[in-house]
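> What follows is a structure written as structure tokens; I'll ask about it next.
The values are calculated or read from the model by the stated rules, or taken from the named source; none is laboratory data. Not measured: the values here are computed from a predicted model. No Cβ is skipped: glycine too gets one built from the backbone with ideal geometry, and neighbour counts run over all protein chains shown.
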Amino acid sequence: MLKIRQPQESKPVSPTPSHATAAVFAACLSGCVAEHPQSILHPVSPAASTIAWLWWAMFAVCTAVFLAVIGLLLWAVFQPARPQRDRPPGGSTRFIVTGGIVVPWVILVGLLVYSLQASIALRVPESDLTIRVVGHQWWWEVHYPGQGIVTANELHLPAGEPVRLELSSADVIHSIWVPNLNGKMDLLPQHFYGQGRPNVFWLEADQPGAWRGQCAEYCGLQHARMALEVVALSPDEFSAWVAARQRPHSEPATDVVRRGRDVFFSDQAGCQKCHTIRGTAAIARIGPDLTHIAARRTLGAALLPNNRTNLAGWIADPQKFKPGNLMPRTNLGADDLEALVAYLETLK
Ligand code: CUA
């Protein structure tokens, strides 16, 4: 029987200098990771560079102001007291007007102008490729309308050119944020924009690579596990990726795969009630499109690497990995589960 451990009495821990040192050390180490797949400070696009420069400028100015204020405070505290008659007439008024009004005004207006300039630089540019992204609790539906491709939780794009994103949501408000490539933008349910148009956004990657994106608007229990991968490919690789996704998938070639397909469409598994596999009778759109599931790098919205073990584990009990998601447990025998996984693995 499963034993539930009682929470143990724990003594309150008060921070000590060694805790502080450890925290600073950890913060420094986190900046030393060789790869930075999710960081605003390692931009790989014009938009993210603009944002990173603005961040550094604000950090520098605010640090200078902070040091100046603390310096003046210490100076005031440790200044020997002077009698009133020794003070220059009008001296403190001049100091208050300069330090309290003129200098803050110049700094704030400067930062305002800089940030306005940055937001102008972030406008959506002309683009040859449009991708529609629909937010769901808790995954991303990804359409390439011009190419007739539907996938999930992965955005493939050609490196070196801007890609236009049209963002909407099937349920609550979500927000897409791929820090290395751009800022955030909300995905709104249709009743928010009514007859208007979905939010338009853009991503561009200077070079081929993979970066992690995250839902940035609290959207329910598994908000933190609503991630996605953005994979930028060289133009040739991207064309090959598109061509491979457009190819109709082949009929099952072996007995195991045929059995897996039958399991997929069986009432016991019921997969086709929620999922689409293009070119088959499965056309439901409640869950992610599975036409190319085997070509994806991850499962469960960038939660698990896409391999045989994780796929079988996910199908058997998705609630174990992501409690609260819409996919129910499937009570399949080991052979049926194995056959189903073998079928799904042919869907490239
Ligand atoms: Cu979707 Cu948070």
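> Hey, can you tell me all the residues within segment 204-223 that are surrounded by fewer than 21 Cβ atoms within 10 Å (Cβ to Cβ), under 19 Å from Arg297 (Cα atoms) and within 16 Å of the ligand (Cβ to nearest atom)?
Those that are surrounded by fewer than 21 Cβ atoms within 10 Å (Cβ to Cβ), under 19 Å from Arg297 (Cα atoms) and within 16 Å of the ligand (Cβ to nearest atom): Arg212, Gln214.
> Among the residues of segment 153-173, count how many are more than 20 Å from Ala205 (Cβ to Cβ), surrounded by fewer than 22 Cβ atoms within 10 Å (Cβ to Cβ) and either hydrophobic (A, V, I, L, M, F, W, C) or in contact with a Cys (Cβ under 9 Å, 6 or more places away or on another chain) (or both).
Initial filter on segment 153-173 (more than 20 Å from Ala205 (Cβ to Cβ)): 168-173.
Cutting the leftovers down to surrounded by fewer than 22 Cβ atoms within 10 Å (Cβ to Cβ) gives us 168, 170-173.
Then drop every residue that is not either hydrophobic (A, V, I, L, M, F, W, C) or in contact with a Cys (Cβ under 9 Å, 6 or more places away or on another chain) (or both), which leaves 170-173.
Going through segment 153-173 one residue at a time, the tally reaches 4.
> Further, regarding this structure: Criterion first (touching a helix residue (DSSP H, G or I) at 6+ places or on another chain (Cβ under 7 Å), within 16 Å of the ligand (Cβ to nearest atom) and aromatic (Phe, Trp, Tyr)) does Trp177 satisfy it? Quick ask: steps written out before the conclusion?
Details: touching a helix residue (DSSP H, G or I) at 6+ places or on another chain (Cβ under 7 Å): no; within 16 Å of the ligand (Cβ to nearest atom): yes; aromatic (Phe, Trp, Tyr): yes.
For Trp177, the condition - touching a helix residue (DSSP H, G or I) at 6+ places or on another chain (Cβ under 7 Å), within 16 Å of the ligand (Cβ to nearest atom) and aromatic (Phe, Trp, Tyr) - is not met.
> Please verify whether Ile283 is β-branched (Val, Ile, Thr) and surrounded by fewer than 12 Cβ atoms within 10 Å (Cβ to Cβ), treating the condition exactly as stated. Full working, then the answer.
On the way: β-branched (Val, Ile, Thr): yes; surrounded by fewer than 12 Cβ atoms within 10 Å (Cβ to Cβ): yes.
So Ile283 fits the description; yes.
> Which residue out of Arg85, Arg94 is at pLDDT below 95, loosely packed, with under 10 Cβ neighbours inside 10 Å, charged (D, E, K, R) and in a helix (DSSP H, G or I)?
Numbers: Arg94 fails: loosely packed, with under 10 Cβ neighbours inside 10 Å.
Only one candidate qualifies: Arg85.
> Given Gly135, Gly148, which one is of a type outside the set (A, V, I, L, M, F, W, C) and surrounded by fewer than 19 Cβ atoms within 10 Å (Cβ to Cβ)? Show your work before the answer.
Numbers: Gly135 fails: surrounded by fewer than 19 Cβ atoms within 10 Å (Cβ to Cβ).
Going through Gly135, Gly148 in turn, just one is of a type outside the set (A, V, I, L, M, F, W, C) and surrounded by fewer than 19 Cβ atoms within 10 Å (Cβ to Cβ): Gly148.
> Taking Gln190, is it without any contact (Cβ under 8 Å) to a residue 24 or more places away in the chain, surrounded by fewer than 19 Cβ atoms within 10 Å (Cβ to Cβ) and away from the ligand (no atom under 15 Å from the Cβ)? Give the derivation first.
On the way: without any contact (Cβ under 8 Å) to a residue 24 or more places away in the chain: yes; surrounded by fewer than 19 Cβ atoms within 10 Å (Cβ to Cβ): yes; away from the ligand (no atom under 15 Å from the Cβ): yes.
For Gln190, the condition - without any contact (Cβ under 8 Å) to a residue 24 or more places away in the chain, surrounded by fewer than 19 Cβ atoms within 10 Å (Cβ to Cβ) and away from the ligand (no atom under 15 Å from the Cβ) - is met.
> Sticking with this structure for a sec: Do we have Thr298 as hydroxyl-bearing (Ser, Thr, Tyr), surrounded by 16 or more Cβ atoms within 10 Å (Cβ to Cβ), over 16 Å from Val150 (Cβ atoms) and within 24 Å of the chain's Cα centre (by Cα) here?
Yes, satisfied.
> How do the strands (runs of 3 or more DSSP E) wholly within segment 178-297 filter down when requiring 1 or more residues that are under 29 Å from His42 (Cβ atoms) and aromatic (Phe, Trp, Tyr): which remain?
Working: elements: 184-187, 199-203, 209-215, 227-233.
It comes to 199-203, 209-215.
> Separate question: Which residues, counting only those in segment 298-335, are of a type in the set (S, T, N, Q), in contact (Cβ under 8 Å) with a residue 24 or more places away in the chain and not in a loop (DSSP other than H, G, I, E, B)?
Within segment 298-335, the subset of a type in the set (S, T, N, Q) is 298, 306-307, 309-310, 319, 325, 330-331.
Filter once more, keeping what is in contact (Cβ under 8 Å) with a residue 24 or more places away in the chain: 298, 325, 330-331.
Hit for segment 298-335 is Thr298, nothing else.
> For segment 115-155, list the strands (runs of 3 or more DSSP E) that sit wholly inside it and hold at least 1 residues that are out of contact with any helix residue (DSSP H, G or I) (no Cβ under 9 Å at 6 or more places or on another chain), charged (D, E, K, R) and more than 16 Å from the ligand (Cβ to nearest atom); which are they? Give the steps one after another, and end with the answer.
Values: elements: 129-136, 139-144, 149-152.
So the answer is 129-136.
> Something else about it: Among the residues of segment 156-174, write down those that are of a type in the set (Asp, Glu) and within 16 Å of the ligand (Cβ to nearest atom). Lay out the reasoning, then the answer.
Of segment 156-174, the ones of a type in the set (Asp, Glu) are 161, 166, 171.
Scanning segment 156-174 gives a single hit, Asp171.
> Among (1) of a type in the set (Asp, Glu); (2) closer than 30 Å to Gly183 by Cβ; (3) more than 31 Å from the chain's Cα centre (by Cα), there is one condition Asp86 misses while meeting the rest; what is its number?
(2)
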